[in-house]
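Participant: Okay, here's the structure, questions in a sec.
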Amino acid sequence: QVQLVESGGGPVQAGGSLRPPCAASGRTLTDYAACWFRPAPGKDREFVAPINWDGNSRYYAEFVRGRFRISRDNVKSTLSLEMNRLEPEDTAVYYCASSVQRSVTMRQRDYRDWGQGTQVTVSS
């Protein structure tokens with residue numbers, strides 16, 4: 001099992017940027033796909049940006065494509081989400097998660113370990 005801790009959220013004005021990191025301990029984050037999720041209306045959580053185990057394959061939800069960028073540092077066992085041109089609609093708790101597989105996946109059920117989340121609040 002891997003313990004995940006997000007940080008770096010907070011209040012920001014529309015158009016601004018944040019880059020919350022996710023630090024892993026315990027089982028390494030290195031060998032597995034990872035993803036950022038956030039709550040969705042009427043659903044549990046929706047994917048924001050998944051990445052495969054070596055960082056060579058990424059995917060983005062339509063609502064963040066072109067504004068957010070996911071990256072990972074397998075030496076430091078960390079995951080980051082660069083959030084640019086933030087909009088009030090991006091206000092949410094953002095969770096990082098570690099998968100049980102190496103390939104990129106958007107399915108919540110493919111992720112076993114979850115952080116507690118970091119709150120991002122975007123004001124207009």
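The values are calculated or read from the model by the stated rules, or taken from the named source; none is laboratory data. Predicted, not measured: the structure shown is a model, and the values here were computed from it. Note that each Cβ is placed from the backbone with ideal geometry, even for glycine, and that neighbours are counted across all protein chains shown. Surface accessibility is based on the protein's heavy atoms, side chains included, excluding ligands, DNA and RNA. Shrake-Rupley method; radii C 1.70, N 1.55, O 1.52, S 1.80 Å.
Participant: What share of Cα pairs, in percent, lie more than 17 angstrom apart in the chain?
Facilitator: 50
Participant: Could you tell me how far the Cα centroid of region 56-104 sits from the Cα centroid of region 30-44, in Å?
Facilitator: 9
Participant: Considering only protein heavy atoms and a 1.4 Å probe, what is the carbon-and-sulfur percentage of the accessible area of region 16-124?
Facilitator: In region 16-124, the share of accessible area belonging to carbon and sulfur is 48 percent.
Participant: Give the peptides 103-114, 24-35, 7-18 in descending order of average Cβ contacts within 10 Å, highest first.
Facilitator: 24-35, 103-114, 7-18
Participant: Among Ala24, Trp36, Gly66, whose Cα lies farthest out toward the positive end of the dipole of region 1-80, if unit charges sit on the beta carbon of Lys, Arg (+1) and Asp, Glu (-1)?
Facilitator: Positive-end residue among those listed: Gly66.
Participant: While we're here: Which Cys residues of the chain have no other Cys beta carbon under 4.7 Å away?
Facilitator: Cys35
Participant: Right, next: Suppose all protein chains stay in the model; what accessible area per residue would a 1.4 Å probe give for the chain, in Å²?
Facilitator: 50
Participant: Hey, another quick one. Suppose each label sits 7 Å from its Cα in the direction of the beta carbon; what would the Arg65-Arg112 distance come out to in nanometres?
Facilitator: 3.1
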